[in-house]
Each structure stands twice: as C-alpha cells, then as structure tokens.
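Read through the structure below, which is laid out as structure tokens, and then see the notes.
Read-outs throughout are calculated quantities, based only on the coordinates presented, and are distinct from any laboratory measurement. Because the structure is a prediction, the values reported are computed rather than measured. Note: ideal-geometry Cβ built from the backbone for every residue, glycine included; neighbour counts use all protein chains shown.
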Ligand SMILES: Nc1ncnc2c1ncn2[C@@H]1O[C@H](COP(=O)(O)OP(=O)(O)O)[C@@H](O)[C@H]1O
Ligand SMILES: [Mg+2]
C-alpha cells in the first residue's frame, strides 16, 4: 500500500524555486534514500512533508489524505511521522530514558510507569538498555543517535524520516546506524532517509531518489546510479563523493 505520495511539490523562498515539482511515492514497509548535492533541497523536502515548512504548491497524500488541505490537523499528522536529525536533538538535561519517556508522557498521555516500561522496551530495541540513565553528554554520537531513534519509534510512527543520520558520526558508528536501519527495515518500518553518505546509501536496500535543482532527476538502486549513469549530474555527484567506487 502507498503510504505517502508526493505530487508536483514546490517550495519557493523569496521567489526562488527550491523544490520545483517533486514527485515520488513511498510504500508501507519501504526504505527510500534521498540523495543529491548540498543545497539541492533535501532537508526542505523532508520538512515540507510534515509541513514544518509550508509547501508553495502541490499535494502530499499521506494515508490517503492530502495533508496540505486547510482542514487537516497537522499536529496529529506529525505525531505519525518520526523525525531523526543529524545532531540527534536530545534534551541535554534529561537521561536517555527520560528523553524517550517525554513524548510518551506529554503527547501520548501515558502514566509514568507505562512510559517507563515502553521507553525501556524501545531502548532495548536499539541496544541501549544498559545506558538508560546516562545523559547525552556521556554517550557517544552513535549511542545518542540510537536514543533519538528509540524516542522516535516509541511514538509508533507510520514512517520514520532521517535527515543525514550519520553525518555527525565516525565511520564505525555510521556503520552501526546502517545496521540498525537495516534491522528496522526487516521489521517493516517505513523509512525515508536523506543522506549524502554514499557508504550508508550502499548499505541500505531501497531505491535512491536523486534530487537536483529541486526535482527528482533519477530514481534507481544506488548500483545503477553509480554505473555511468545517463545523467551528467548524477555522474558528477558520485565521482566527487566516491571517486574510487
Ligand atoms: N528558511 C529559508 N529561507 C531561505 N532559503 C532557505 C531556507 N531554508 C533553506 N533555504 C535554501 O534552500 C536551499 C536548499 O536547502 P536545504 O533543503 O537545506 O538543502 P540540502 O538539505 O539539500 O543541503 C538552499 O539554497 C538554502 O539556502
Ligand atoms: Mg540538509
């Protein structure tokens, strides 16, 4: 089933087109990777999809409903979309456990005991149960990212968005996150992952949506994009990012 369908999505900033008619769809259980040159609009696209940024035009069909419609309760929609950022965005003054509990208490209305139980379950899911009482400053980047993923998963989202989940991590930790994304995919979690990390993209099973000048220039498995692709822009991107691949 199609979970998300994006039709002719545009976004202008000060009259300049950043997204110029983006079209794609994401099926339930699918993992799709979004790549493209720096500044091509990847983050803007993700933020438009849950209207943290208002699209200029186009349709975003999520669960059969156009969520750009005026009568849509966007806060309710956002609760179904988990967002994991480059810089983890954990609360510094809260432990790993408390970070995961917060949304369960405030947004889901769980009791303290229920929230604790669910948070421990989610932390175990990402193998962070032994670190639940630590504060972000005492966790490695990869561990912080796993807590951020547990926090997103705790809300039972229909889809998880990742924006450059490995760009603040060293290669070993990036590899851990790639493994975790693969595990979530095997568990049928629907994932849309923005990354310029070619190693990560190569380690993920889904198609790559290649964004350039605000539109989808290509959509194919990364192996196809990296093999002398018809698009000059695609070739230039991979030659620069992975010259020896
Ligand atoms: N709030 C904003 N106001 C004006 N321009 C913006 C704003 N946010 C992003 N942009 C511009 O939109 C373009 C795409 O940015 P972004 O989506 O962050 O790119 P990417 O994530 O692909 O690197 C950039 O040129 C950026 O400067
Ligand atoms: Mg970005």
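Stokes-Einstein, applied to the Kirkwood radius of the chain over Cα pairs at a viscosity of 1.306 mPa s and 10 °C, places its translational diffusion at 85 µm² s⁻¹. Legend: translational diffusion of the range 1-113 by Stokes-Einstein, Rh = Kirkwood radius over C-alpha pairs, 20 °C, 1.002 mPa s; D = 134 µm²/s.
Restricting attention to the range 5-160, close to 85% of DSSP beta bridges with both partner residues there are antiparallel.
Taken along its three principal axes, the alpha carbon spread of the range 53-93 comes to 37, 20, 15 Å, from the longest extent down to the shortest. Pairing the Cα long axis of helix 112-125 with the longest principal axis of the chain, what angle in degrees results, from 0 to 90 and rounded to the nearest 10? Approximately 50 degrees, to the nearest 10. In the chain, helical runs assigned H by DSSP with n ≥ 4 each contribute -39500 (n - 2.57); averaged across all residues and rounded to the nearest 500, the mean residue ellipticity at 222 nm is -10500 deg cm²/dmol. For the pair the range 140-188 / the range 46-111, the C-alpha centres are spaced 16 Å from each other.
Would you mind putting 102-109, 12-19 in packing order, based on average other-beta-carbon counts within 10 Å, highest first?
Working: 102-109: 15.0, 12-19: 13.2.
Peptide ranking by packing, descending: 102-109, 12-19.
Between 0 and 90 degrees, rounded to the nearest ten: what's the tilt of helix 232-241 against the longest Cα principal axis of the chain? So the helix axis and the longest Cα principal axis differ by about 40 degrees. Over the chain, Cα pairs under 8 Å with separation of 6+ residues give a relative contact order of 26 percent. Which part of the range 73-90 falls in the paramagnetic zone of residue 114, meaning amide N under 11 Å from the point 7 Å along Cα-to-beta-carbon? Counting only backbone N, you get no residues. Taking the alpha carbon gyration tensor of the range 134-245, multiplying each eigenvalue by 5 and rooting it gives semi-axes of 27, 16, 12 Å, largest first.
The angle separating the long axis of helix 171-186 from the principal Cα axis of greatest extent in the chain is about 90 degrees.
For the range 98-190, would you read off the P(r) tail past 20 Å as a percentage of all alpha carbon pairs?
Working: 1480 of 4278 pairs.
Considering the range 98-190, 35 percent of its Cα-Cα pairs are separated by more than 20 Å.
The tail of the calculated P(r) for the range 151-194 beyond 14 Å holds 52 percent of all Cα-Cα pairs. A Förster radius of 30 Å, combined with the Cβ-Cβ distance separating residue 228 from residue 38, puts the computed FRET efficiency at roughly 0.85.
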